[in-house]
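A.B. asks: Below are the C-alpha cells for one structure; questions will follow.
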Amino acid sequence: MAPSHICIPVRDIDHAIRAFAHVLGVDPSGVCDTATVLRAGRGRERIRICWFAFPNLLVELIQQMGGSGHYNDFLDGAGPGIAHIGVDVAPEW
C-alpha cells in the first residue's frame, strides 16, 4: 500500500498554482479549467483542477466553481488543508 495522490481544495487555483510551482520548484503537469464531476446526492459540480506530478505522487489542487459543494464545504468547515490522500493497494487486498 502506497500513497498515490494528495487532494488539496483551494479558493483561488490561479494563485495556488503559482505558489505551489514556486515552493515545489516544478510547473504543473496539467490543468483542466472546467471539469464536471458527479457527486452522490448533490448532482453535478463544476471544478477547476491542476496536477503536479512527481515519480511516486500526484499533488492535486481543486477549486469548486461557486456555490455549496463538496470542496467549498470542506474549506468552510476545516479551512485550507488536505481533503484526502489516495492510496494504491494491491488487487488482492
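A.B. asks: Kindly write out, for segment 68-84 in residue order, the coupling ³J(HN,Hα) from the Karplus curve 6.51 cos²θ - 1.76 cosθ + 1.60 (θ = phi - 60°), rounded to whole Hz, with x marking Gly and Pro.
C.D. replies: With the stated coefficients, segment 68-84 comes to 7, x, 3, 6, 5, 4, 4, 5, 5, x, 10, x, x, x, 7, 7, 7 Hz.
A.B. asks: Quick check: with the 1.4 Å probe, what order do Ile8, Ile13 take by accessible area, largest first? Kindly include the intermediate steps, with their values, before the conclusion.
C.D. replies: On the way: Ile8 25, Ile13 0 Å².
If we order Ile8, Ile13 from most to least accessible, we get Ile8, Ile13.
A.B. asks: Which distance in Å, rounded to a whole number, links the C-alpha centroids of segment 2-38 and segment 55-89?
C.D. replies: 10
A.B. asks: Here's a follow-up. What part of the accessible area of the chain, given as a whole %, is carbon or sulfur when the probe is 1.4 angstrom?
C.D. replies: 57
A.B. asks: Let me ask something else about it. Ignoring ligands and nucleic acids, what accessible area does Cys50 show with a 1.4 Å probe (Å², nearest 10)?
C.D. replies: 0
A.B. asks: Let me ask another. Run the quick spin-label model on Ala83 and Ala53: label points 7 Å from Cα toward the beta carbon, then report their separation in nm to one decimal.
C.D. replies: Distance between the two pseudo-spin positions: 2.2 nm.
A.B. asks: Go through [x] 13.9, 41; [y] 13.1, 39; [z] 15.2, 54 and flag the label whose value is the computed Rg and Dmax of the Cα atoms in Å for this structure.
C.D. replies: Correct label, based on the coordinates given: [x].
A.B. asks: How high is the relative contact order of the chain, in percent, counting Cα pairs under 8 Å that sit 6 or more residues apart?
C.D. replies: Across the chain, relative contact order equals 43 percent.
A.B. asks: Run the 1.4 Å probe and let me know the accessible area of Asp27, rounded to the nearest 10 Å².
C.D. replies: It works out to around 120 Å².
A.B. asks: Follow-up question, since we're still on this one. Which residue, Gly81, Gly25, Gly69, has the most motion in a Gaussian network model of the chain that connects Cα atoms within less than 10 Å?
C.D. replies: Of the options given, Gly25 has the highest mean-square fluctuation.
A.B. asks: Quote the FRET efficiency, to the nearest 0.05, computed for His70 versus Thr34 with a Förster distance R0 of 22 Å and r equal to the Cβ-Cβ distance.
C.D. replies: That gives a FRET efficiency of 0.85.
A.B. asks: Amide H to amide H under 5 Å from Gly86: which residues, 5+ apart in sequence or cross-chain, H placed 1.01 Å off N in plane?
C.D. replies: Under 5 Å from the amide H of Gly86: Ser4, His5, Ile6, Cys7.
A.B. asks: So between Val23 and Arg44, what do we pick up on full extension, going 0.36 nm a residue minus the alpha carbon distance?
C.D. replies: On the way: separation 21, 0.36 × 21 = 7.56 nm, distance 3.26 nm.
Gain on stretching Val23 to Arg44: 4.3 nm.
A.B. asks: Rank His22, His5, His15 by accessible area, highest first, at a 1.4 Å probe radius?
C.D. replies: Working: His22 150, His5 45, His15 110 Å².
Ranked from most to least accessible, the order is His22, His15, His5.
A.B. asks: While we're on this one: What does the accessible area of Phe54 come to, in Å² to the nearest 10, when a probe of 1.4 Å is used?
C.D. replies: The value for Phe54 is about 80 Å².
A.B. asks: Then there's this: Using a cut-off of 12 Å between beta-carbons, work out the net charge of the residues near Ala53 (Lys and Arg +1, Asp and Glu -1, Ala53 not included).
C.D. replies: Cβ neighbours under 12 Å give a net charge of -2.
The values are calculated or read from the model by the stated rules, or taken from the named source; none is laboratory data. If you're wondering where the values come from, they're calculated on a predicted model, not measured in any experiment. For neighbour counting, all protein chains shown are included, and Cβ atoms are generated from backbone atoms with ideal geometry for every residue, glycine included. To get the accessible areas, we keep the full protein, side chains included, count just its heavy atoms, and leave off ligands, DNA and RNA. Shrake-Rupley method; radii C 1.70, N 1.55, O 1.52, S 1.80 Å.
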